[in-house]
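Working notes, beginning with the structure itself.
The values are calculated or read from the model by the stated rules, or taken from the named source; none is laboratory data. A quick note: this is a predicted structure, and the numbers were derived from the prediction, not measured. Neighbour counts are summed over all protein chains in view; Cβ atoms, including those assigned to glycine, are modelled from backbone coordinates with ideal geometry.
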Amino acid sequence: MKINFQYIVLGAFIFFAVAGIFLFSISGKFGGGGNEATQEVTIWGTRPEREVRELLSRIDNKNPNLVKIKYTEIREEFFDETLLEALASDKGPDMIFLSDDRLIKYKNKIFPIPYDSLSQRDFRNIFITEGELYLGAEGVYAVPFSVDPLVMYWNRATFAGKGEPLPPSYWDEFFTLSPKLTEIDNSRNILKSFVAFGEYDNVNNAKEILSALLLQAGNPITTVQNDRLISAIGNKSADAGRPAESVLRFFTEFSNPVKAVYSWNKAKPLSAQAFLGGDLALYLGFASEASSLRQKNPNLDFDVTLLPQIRDADLKATYAKIEGLAVLKSSPRLASSISAIFVLIAKDNIFDWAEITNLPPVRRDLLKDRPEEAFKQIFYDSALISKGWLDPDSEQTGIIFGRMVKDVTSGRLKISEAVDRASSEMTALLR
């Protein structure tokens, strides 16, 4: 029997109009019963509990009767197992924080918010472009909530010491800067490195760096065709070349000891550790790493800038991790959960979340108001150009990316053969 949500709709419409989001036709669509809109809903995720608790406290202080939410933090390595076990025993949460690399895994367990409640037009107007990964044929699988873009940290003292006032803006500048900023002794031991490229196991965020390079080169990595997710790693571009080959060639150049740009090898420590020690001029990391870098070495003279781009490219891009709020089909409180999501992603609450996490907001109307903090300006600009891809299994695709790099650096395969193998492995995984 359908439930009359007349009063819920009225209250929701008033709130969403103020927030800039219009929720239509909620009446009778989501099941539930009785006084569901006032029930407590639960969210599980890997976000630190102190961050979510601070946001919920601020919401409650502004309007204590607006929403009732209970959050449970689960460690990243245990999240999938814990959630699947809970769902199997009908003890799961109403909602989850859904990262883009978990969308495929949980798609059949998510209740998509219908487009007559949140239209594609409104979605695109409100959220950054990368959020469109959550749009499906049936509706919105998750509403964007948090974004963490890949940026470039650079050691100002190292650059100044070599007479270089600014970091590179384009990838082709790496070929001239690497010989200048890399220090190598007579035995070909690398004393100081320009950039940690060419290896995989000791390069923090190696998969994400490769993803950014591929996306900038116009390779979507995976794509939807006839409602199926297929591999695009081996795809050719309009000029008949394969972007993945160009990316792999560029990335592995810097670990080749016979090349002038030689800057990194497998004997080096983790790239983040090398950067903190002052032995790495550039470090490609996420916006969320800024605070940790400051804390671990307060004396390190570093700054942040946009991820370098392909010169003369029509569009700028960087990779970013994105999380959305998704409602599970198993929830007995679908309407309340969806109402809670719209409360959480209201303009003032997303602003508070950005302030709490020191990350850029996912809403376009907030990104246009540039902050005073220099680091945050870069984070905001990066969020606007962020991209991602539908990852079927982050652990397995990480293995595929790592093997692709190692096949080249070890000499086992030619670059074209390594791309072919990665494409085949991705196809097999998607099947």
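Figures for the structure shown
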| read-out | value |
| --- | --- |
| Pair list, Cβ under 6 Å, 6 or more apart: the stretch 291-303 residue within 15 Å of residue 359 (Cα to Cα), other residue at pLDDT below 95 and part of a loop (DSSP other than H, G, I, E, B) | none |
| Filtered residue count, the stretch 349-383, keeping only those that are at pLDDT below 95 and in contact with a strand residue (DSSP E or B) (Cβ under 8 Å, 6 or more places away or on another chain) | 1 |
| Filter pass, residue 255 being over 30 Å from residue 133 (Cβ atoms) and in contact with a Phe, Trp or Tyr (Cβ under 6 Å, 6 or more places away or on another chain) | yes |
| Helices (runs of 4 or more DSSP H) fully within the stretch 73-176 counting 1 or more residues that are without any contact (Cβ under 8 Å) to a residue 40 or more places away in the chain | 79-88, 120-126, 156-161 |
| The lone exception for residue 386 - which of (1) surrounded by fewer than 22 Cβ atoms within 10 Å (Cβ to Cβ); (2) touching a strand residue (DSSP E or B) at 6+ places or on another chain (Cβ under 6 Å); (3) of a type in the set (Ser, Thr, Tyr) it fails | (1) |
| Meets criteria (assigned by TED's automatic domain parsing to the domain that holds residue 199 and not in a loop (DSSP other than H, G, I, E, B)) for residue 420 | yes |
| Matching residues in the stretch 181-205 - criterion: being of a type in the set (Gly, Ala, Ser) and either within 24 Å of residue 166 (Cα to Cα) or not assigned by TED's automatic domain parsing to the domain that holds residue 287 (or both) | 193, 196, 198 |
| Flag if residue 397 is under 19 Å from residue 248 (Cα atoms), at pLDDT 95 or above, buried (at least 22 other Cβ atoms within 10 Å of the Cβ) and of a type in the set (S, T, N, Q) | yes |
| Identity of the residue in the stretch 83-93, surrounded by fewer than 19 Cβ atoms within 10 Å (Cβ to Cβ) and among the hydrophobic types (A, V, I, L, M, F, W, C), that ends up farthest from residue 147 (Cα to Cα) | 88 |
| Residue check, residue 290 small (Gly, Ala, Ser) and part of a strand (DSSP E or B) | no |
| Positions within the stretch 404-428 being among the hydroxyl-bearing types (Ser, Thr, Tyr) and out of contact with any helix residue (DSSP H, G or I) (no Cβ under 9 Å at 6 or more places or on another chain), in sequence order | 410, 424, 427 |
| Any hit, the stretch 313-330, residues being under 23 Å from residue 173 (Cα atoms), of a type in the set (A, V, I, L, M, F, W, C) and at pLDDT below 95 | yes |
| Residue that is nearest to the chain's Cα centre (by Cα), among those in the stretch 246-263 that are closer than 14 Å to residue 406 by Cα, in a loop (DSSP other than H, G, I, E, B) and not hydroxyl-bearing (Ser, Thr, Tyr) | 254 |
| Residue tally, condition among the acidic types (Asp, Glu) and either under 16 Å from residue 247 (Cβ atoms) or part of a helix (DSSP H, G or I) (or both), over the stretch 356-409 | 4 |
| Checking residue 66 against (1) assigned to a helix (DSSP H, G or I); (2) modelled with pLDDT under 95, the condition it does not meet | (1) |
| Matching residues, the stretch 216-239, being out of contact with any helix residue (DSSP H, G or I) (no Cβ under 9 Å at 6 or more places or on another chain) and either buried (at least 21 other Cβ atoms within 10 Å of the Cβ) or assigned to a strand (DSSP E or B) (or both) | 223, 224, 225 |
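Residue-wise test of (1) touching a helix residue (DSSP H, G or I) at 6+ places or on another chain (Cβ under 6 Å); (2) in the same structural domain as residue 361 (by TED's automatic domain parsing); (3) surrounded by fewer than 15 Cβ atoms within 10 Å (Cβ to Cβ).
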residue	(1), (2), (3)
65	no, yes, yes
95	yes, yes, no
98	no, yes, no
107	no, yes, no
118	no, yes, no
123	no, yes, no
